[in-house]
Amino acid sequence: MTDSQNHQQGKKEIIITGFGGQGIVLAGIILGKAAAIGEHMESTLVQSYGPESRGGSCNAQVVISREMIHYPYVSHPDILVCMSQSGYDKLIDQIKEKGTLIIDQDLVRPGRGLTCDFFSIPATGMAEALGRVMIANIIMLGFLTAVTNVISMDAAQKSVLESVPKGTEKLNTTAFQKGHDYGLATLKGRQKKAAGQAGAMS
Amino acid sequence: MDDFKIILFLCNWGPHTAFQTLQDNGSEIPDQISMIRIPCTGRISKSLLFRAFEMGADGVVLLGCQPGTCRYGSGTATARENTEDTRDIIGMLGLGKERLGHATFLPDESDLLLQFLNDFCDQIRSLGPSPLLPIPMPESESVSRESVAEIVSYHDAFACQDCGKCSSACPLALIGKPFSPRELVNSIIAGNIDSPSVNKDIWSCLTCGLCYDRCPSAVNFPEFIRDIRHVVRKNGGNAREAHGGFFQSLMRAMTWPGLKTQRWDWLPKDVDLDAKSKILFFGGCAPYFDIFFRNHLNVETTNIIEDSLRLLNFFDIKPALFKDERCCGHDLLWSGDEENFLKLAKMNVDSIHNLGIEEVITACPECYRTLAHDYPKHGIPLNFKVTHIYELLEKEIGKGAIDFKKIDKKITFQDSCRLNWLEKPADLPRKLIRRLKPIRFREMQNNGSAAICCGNCAWTGCDAFSKALQVKRLRQAHDTESELLVTACPKCQIHLRCAMEDPFLGEELNMEMIDLTGIIAKTICWE
């Protein structure tokens, strides 16, 4: 299937990669749920499983589509989210040419000469500032929701609340909101820079 | 319209001879002119010129000797500067520049003088009456023991344990002034409100709040002093106003409903505003200060307003401006004129409500404190939220994707008293400073909750000790080996600049200053 066909059918292939324990798979579940339940689309999740889940490299492969999904594995993602350097190194060559790369800038140092659309957020630093480093995945989801239009804000937020442990709803909502705000600010900054208004005085 | 008043300040030397010739010849000098003979026009300060308007004059003329013929040398030049400054201020206030004139005559130029007086009269006649009506001075009533006792018990000053922590923390006492908050409270409790020392000392207090911070009984000394000042002023006490009371006069003048101020005319056209916005930017009196001090301190506090608006624009906020904006009343409240403070407060709040505003943003710490805290405390409820620009900046910058350009300087920071003692924005300036990228940020010896005042508050009680305090503060700034002093209040800029003008110490003290909003506006950029 070619890229353009993918686009027409609204099919998005996403890989979220990081260390085991960062909540990579949970982020994949929330994303897929938001698409399936919130947006009434089809979605699949394939998660890496094995020794990786105790600290090694780990990834979640999510496919979201308007039509039935025949094959759940992702080899060339439209959106690649990297929360570890090893994940980035392993998958960066497989991202589609016009794909979107999102990294946690506290954990990943991107290589030069990227041709894809590139976003970065200090998700882990922001999570530390919120007091719980494990909330970085939710911040990342908020960011992803803002900078791509795979799922809507409403659907994502509902899905977050349904999927996180009871008693942590408030923290997760704040984290999601932070990531989302950061994403909107990034988009606004790009727009302003493109219009030649990089600073306040010019 | 012939029912108007013109005050003519006439120099004793040159033009008075010409005026006398007119009188001797029985020439018809317009009836509306009341002449006041003075020794030299150079001694008619901006405050005296303005006071005439405050007391109901429709026009004021200052007539002096021609340049080079001044008996005292510099009188004419000083008079010209004073008139220019006052003209620009009354212009901004909406009275019309043309109401204030300055001219010079030789003793034998009586015909020219008569011509000038007639022309000036015609000019005032065509302008119509001044929108300022005379403001009655408060009737002198003796300080009632009851009202003092009420203030003492309201602030629970009886709780004073005589420990003296206030006096040992007071910046004025530490600089060597024979001034003690503890002693002052005790004298007032003892009923010595009329004693000369109390009458002098209550105007010296900086109301900076350090003593309140240290007081184990939590006696709010600044507010206590503020209320005592009110009672003493009502009693006709001399408020020891600085700059001849010019600013108090100016702020009282703003209580007149008929005023149509033009305080925004200087604003660059490329600042984006939206008259229909639900967010209002409250500017403050900086434009007046800049005119008043332009020949002396060369301060540029209006930059704070412009930079704040540019920062709002940077975040896509297009605020409304307030055409009828009047002074917030801070300086009147803190120099004992509660009546006129309340008038200003009501007018400002009514106008803001009429505009349907939901949020007021301000960059001035005094305006912020006054609007957010003192208006409601004085029985004027607000239907809108008051936000200091630092809160807004921290929130917006906190969202991310913002970067700052490098600052090629080492910086230090002068706290603002009015923000320091409020719970919410107290640590905000430092959060913002830590985001900047200077070579280095180093605190002064006294900082944060121990910071010392820039030397004066509410334009009252300025003396040699105020200067000493400024010198001390600037030396502390130099001790940090910084090159740039970041401030958070326009008054700090004015007062610290004053010490830098000192003929003996000026060069040693001189240091570049910028307001925090200015340095943010200059370096902020999208990541």
Across region B:6-127, what fraction of all alpha-carbon pairs, as a whole percent, falls in each successive 10 Å bin from zero upward? 14, 48, 33, 5, 0
Backbone N under 17 Å from the A:ALA129 label point (7 Å along Cα→Cβ), restricted to region A:86-120: A:104-107, A:120
Within straight-line cross-link reach of B:LYS97, aspartates and glutamates at Cα separation under 19 Å, skipping those fewer than 8 residues along the same chain: B:GLU54, B:ASP58, B:GLU81, B:GLU84, B:ASP85, B:ASP88, B:ASP119, B:ASP122, B:ASP265, B:ASP290, B:ASP324
Please report, for the Cα atoms of region B:205-352, the Rg to one decimal and the Dmax as a whole number; what are they, in angstrom? 17.8, 52
Between 0 and 90 degrees, rounded to the nearest ten: what's the tilt of helix B:145-154 against the longest Cα principal axis of chain B? 30 degrees
Rounded tilt (10° steps) of B:338-354 against the dominant C-alpha axis of chain B: 80 degrees
Largest-first ellipsoid semi-axes for region B:403-527, taking √(5λ) over the Cα gyration tensor eigenvalues, angstrom: 24, 17, 12
Quantify how much of the Cα-Cα distance distribution of region B:477-527 extends past 18 Å, in percent. 39 percent
Hey, what angle do you get for helix B:302-314 against the long axis of chain B, alpha-carbon based, 0 to 90 degrees rounded to 10? 50 degrees
Given the Cα atoms of chain A, and with Rh set as the inverse mean 1/r over their pairs in the Kirkwood sense, what is Rg to Rh to two decimals? 0.96
Cβ-based charge dipole, region B:145-234, positive-most Cα from B:CYS208, B:LEU184, B:VAL231: B:CYS208
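Please identify every one of the trypsin sites (Lys or Arg not before Pro) in region A:86-191 that sits in a loop by DSSP and has no more than 12 other beta carbons within 10 Å of its own beta carbon. Don't skip to the answer; put the middle values down first.
Numbers: sites: A:LYS90, A:LYS96, A:LYS98, A:ARG112, A:ARG132, A:LYS158, A:LYS166, A:LYS170, A:LYS178, A:LYS188, A:ARG190; in loops: A:LYS96, A:LYS98, A:ARG112, A:ARG132, A:LYS166.
Of the trypsin sites (Lys or Arg not before Pro), the ones in loops of region A:86-191 whose Cβ has at most 12 other Cβ atoms within 10 Å are A:LYS98, A:ARG112, A:LYS166.
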Which three extents, in angstrom, do the Cα atoms of region B:331-489 have along their principal axes, listed largest first? 48, 48, 21
Can you tell which of A:GLY113, A:GLY23, A:GLY189 shows the greatest fluctuation in a Gaussian network model of chain A with Cα springs below 10 Å? A:GLY113
With a Cα-only, solvent-free Debye model of region B:268-379, what are the log10 I(q)/I(0) values at q = 0.17, 0.21 Å⁻¹? -0.87, -1.21
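I need the GluC sites (Glu not before Pro) found in region B:362-471, filtered to DSSP loop residues with at most 10 other beta carbons within 10 Å of theirs. Before the final figure, lay out each step's value.
Details: sites: B:GLU366, B:GLU391, B:GLU394, B:GLU396, B:GLU423, B:GLU443; in loops: B:GLU423, B:GLU443.
Listed in order of number, the matching sites are B:GLU423.
I want to verify the translational diffusion coefficient of region B:1-70 in µm²/s; compute it with Stokes-Einstein, Rh as the Kirkwood radius over Cα pairs, at 4 °C and 1.567 mPa s.
Numbers: Rh = 12.9 Å.
Roughly 101 µm²/s, to the nearest whole number.
Using the count of nearby Cβ atoms within 10 Å as a rough guide to exposure, how do B:TYR375, A:TYR71 rank from fewest to most? Kindly include the intermediate steps, with their values, before the conclusion.
Working: B:TYR375 23, A:TYR71 10.
Ranked by crowding around the Cβ, least crowded first: A:TYR71, B:TYR375.
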Please report Rg (one decimal) and Dmax (integer) in Å for the Cα set of chain B. 24.6, 80
For the protein assembly as shown, with only Lys/Arg (+1) and Asp/Glu (-1) charged at the beta-carbon, what is the dipole magnitude about the Cα centre, in debye rounded to 20? 1820 debye
At 1.567 mPa s and 4 °C, plugging the Kirkwood radius over alpha-carbon pairs of region B:145-234 into Stokes-Einstein gives what diffusion coefficient in µm²/s? 101 µm²/s
Cα-Cα P(r), the protein assembly as shown, percent of pairs per 20 Å interval: 15, 37, 29, 14, 5, 0
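Just to be sure I follow the definition: excluding the sites themselves, where is the longest run in chain A that has none of the GluC sites (Glu not before Pro) in a DSSP loop with at most 16 other Cβ atoms within 10 Å? Intermediate results must be reported in sequence, preceding the final value.
Numbers: sites that count: A:GLU67, A:GLU97.
No qualifying site falls inside A:98-202, the longest such stretch.
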If you take the beta carbon distance between B:ASP156 and B:ASP2 as r and set R0 to 51 Å, what does 1/(1 + (r/R0)^6) give as a FRET efficiency, to the nearest 0.05? 0.30
Quick calc of log₁₀ I(q)/I(0), region B:314-417, Debye, one scatterer on every Cα, no solvent, q values 0.09, 0.10, 0.23, 0.24 1/Å, result -0.30, -0.37, -1.29, -1.37
Quick one: longest stretch of chain A between exposed loop chymotrypsin sites (Phe, Trp or Tyr not before Pro), exposed meaning at most 11 other C-beta atoms within 10 Å and loop per DSSP? A:74-202
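Taking the inverse of the average 1/r across all pairs of different Cα atoms in region B:264-334, what Kirkwood radius in Å do you get? Don't skip to the end; give the middle numbers.
Details: mean 1/r = 0.0753 Å⁻¹.
That comes to 13.3 Å for region B:264-334.
Each value in this text was obtained by applying a stated rule to the coordinates, not by laboratory testing. Everything numeric here is computed off the predicted structure, so don't read it as measured data. Neighbour counts are summed over all protein chains in view; Cβ atoms, including those assigned to glycine, are modelled from backbone coordinates with ideal geometry.
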